[in-house]
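Remarks on the structure that follows.
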C-alpha cells in the first residue's frame, strides 16, 4: 500500500483534474495535507478503494471515529448501526475486492439513507412518533440502487416529521444543527444529509425535494444539492409532472454527479466538463421585484458571487417574470395540500391525531377543503408558468434565485414567523423562493454563494430549462472553478468527553 501522505497528494491532483474538488482545510499546502481519510472527496475516496490504496476497514474506522466525535453535537446521523457490525461489513467489502468483485463506485463507502425512505434492516421512523419503532423489511428503489453500487448503510439521516418543513427537527431524534453552527438549523427536509456532508461525517448523501428540501439545506451547510428534472430519478408522467423528486447531494458538484448516475432510472451522461462561462446569459431573479421577503444580506451575498461570474465572462442581467406571482402561490399550495390527503387516516383516528405535528394537521385540513375546480385552476396556472419559463429560457441560458430567504436560524425555532418585518402567514411561506423551480419540474442546482458577517452560509439556485440537467451541472462545475466557497470549512464542535 502506498505511503498515505503520497496517496493523498495524488488524489488531490487527480480529483482536481477531473473538476471535482477534494475538500480540505483552507490554507494547507500539499506537503501539509492531513492523513484523515474523511477529508477526501467521495470521488477520490472511491478511486482510492478501487485501487487498493486504502482498505474499506480503514475508511469505516475513519468515519466512525469522526461520527462519534461530532455527531452527538450535530445530530446529522440517526439510528447508527453498531460499530462491530459496520466493521464486519467493511471487512467483507475488502474480501470482495480480494476476490476481484467490485460492486460499483460506492464499494465499501459508508452511506446513510434519508429517513423518509426504507432501507432493509434499518429503522424507518420518518421522524414521527407513530413509527419510532418501525424497522424496514425491504429497500426503497433508491436505497436499492445505492446498495447495489456497493455502499455500506451505517444508519439514516435526520429529517423533519414526515419530511414536512425546511427545519429538521422531530420528536423522535430532536433537531439537526448546521455544519457551520450546531446551534442553528441545518434546514430540511434533507437536513441530516446536508449537515453530514458539511461536517464530513458522510462522503456523499441522498435527498429528496418538494419544496426546496435539497436546496435549502445545501445552502445552510455550504454544500451542493441537485434537484433533477422530473423523471430522471423517479417514475413520472411527462404530461403531468410531479412536484416531488429525489436527488443527490455532495461536497462538490462532481460528487453529486457521481451519485446522480447511481440514482437515475434512465441513462444520464457519463462525462461532464465545466461549461465555458464566456457569453453565458444568466437571468438574476433576485427577490422577484420585492415580492419575496428576504433577510438583510441574502441578496447582497448572492450578487457578490454573481459578480464573480461576470468577471469570468458571463452576462448577468436582472430579469423579472411576466406573471402574477400570487397565482404561483395559489397553484403551489393547492398542489401541495392535495398530497396530504394520503395522511387522512392518521387525522381521522382520535388516538393518532394528537401525535401529528400541528403543521401537518393544518395541511391535512387544507386538503379537505379543496375542490375539483381548485385543482383544475392550479393545473392551468402551472401550465401558464411552464410557458413563462420557456419564454425566459429563450433569452437566458440559466435563471438564478437565492436558495433561501433567510440565513440559518436557531434550531429551537420551528419556522420563521417574520422576515424583514413581513409576517409569514403559513409554516412554509418562508420557503416560497423555491417554488418557481419545483412547479416547473426543471433541473435546479443549489451552490454555495458565500457567508454573511456572522459566518452564516447562503446558496443560490442555478435553474435550467426542463431536461437540461447536464448543462446545469456543467455550469455548476464552471461556477466552482471561479469561486472558493466550497474550500471554506467550518470549525466543528466536538462532543464533550
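The values are calculated or read from the model by the stated rules, or taken from the named source; none is laboratory data. Here the structure is a predicted model, which is why all the values come from computation and not from measurement. So basically every Cβ, Gly included, is an ideal-geometry build from the backbone, and we count neighbours across all protein chains shown.
General remarks:
- Residue that is surrounded by the most Cβ atoms within 10 Å (Cβ to Cβ), among those in the range 120-131 that are in contact (Cβ under 8 Å) with a residue 40 or more places away in the chain and under 17 Å from residue 192 (Cα atoms): 127
- Filter result for the condition that a residue is in contact (Cβ under 8 Å) with a residue 60 or more places away in the chain, out of contact with any strand residue (DSSP E or B) (no Cβ under 7 Å at 6 or more places or on another chain) and crowded, with 20+ Cβ neighbours inside 10 Å, over 69, 117: 117
- Residues considered: 80, 45. Of these, the only one that is in contact with a strand residue (DSSP E or B) (Cβ under 7 Å, 6 or more places away or on another chain) and either modelled with pLDDT of 95 or more or over 29 Å from residue 246 (Cα atoms) (or both) is 80.
- Output for the range 129-160, where each listed residue is part of a helix (DSSP H, G or I) and touching a helix residue (DSSP H, G or I) at 6+ places or on another chain (Cβ under 7 Å): 129, 130, 142, 145, 146
- Filter pass, residue 454 being surrounded by fewer than 24 Cβ atoms within 10 Å (Cβ to Cβ), part of a loop (DSSP other than H, G, I, E, B), out of contact with any strand residue (DSSP E or B) (no Cβ under 8 Å at 6 or more places or on another chain) and touching a residue at least 60 places away in the same chain (Cβ under 8 Å): no
- On inspection, residue 442 fails the criterion of being touching a helix residue (DSSP H, G or I) at 6+ places or on another chain (Cβ under 6 Å), buried (at least 18 other Cβ atoms within 10 Å of the Cβ) and not in a strand (DSSP E or B).
- For first residues located in the range 299-317 and free of Cβ contacts under 8 Å to residues at least 40 places away in the same chain and on the phi > 0 side of the Ramachandran plot, partners that are outside any helix (DSSP H, G or I) and surrounded by fewer than 19 Cβ atoms within 10 Å (Cβ to Cβ) and lie 6+ apart or on another chain with Cβ distances below 7 Å form the pairs 313/278; 313/279.
- Some residue of the range 104-112 being surrounded by 24 or more Cβ atoms within 10 Å (Cβ to Cβ), on the phi > 0 side of the Ramachandran plot and at pLDDT 95 or above: yes
- Given (1) under 20 Å from residue 249 (Cβ atoms); (2) part of a loop (DSSP other than H, G, I, E, B), index of the condition residue 473 fails: (2)
- Candidates 365, 317 - the one that is touching a strand residue (DSSP E or B) at 6+ places or on another chain (Cβ under 9 Å) and over 20 Å from residue 405 (Cβ atoms): 317
- Taken over the range 392-409, the criterion of being in contact (Cβ under 8 Å) with a residue 24 or more places away in the chain and either surrounded by fewer than 19 Cβ atoms within 10 Å (Cβ to Cβ) or part of a loop (DSSP other than H, G, I, E, B) (or both) is satisfied by 395, 396, 397, 403, 404, 405, 406, 407, 408, 409.
- Some residue of the range 90-102 being within 27 Å of residue 116 (Cα to Cα), at pLDDT 95 or above and either in a helix (DSSP H, G or I) or out of contact with any strand residue (DSSP E or B) (no Cβ under 7 Å at 6 or more places or on another chain) (or both): yes
- Hits in the range 164-184 - residues which are over 18 Å from residue 495 (Cα atoms) and buried (at least 24 other Cβ atoms within 10 Å of the Cβ): 164, 165, 166, 167, 168, 169, 170
- No other residue among 365, 412 is under 24 Å from residue 339 (Cβ atoms) and surrounded by fewer than 20 Cβ atoms within 10 Å (Cβ to Cβ) apart from 365.
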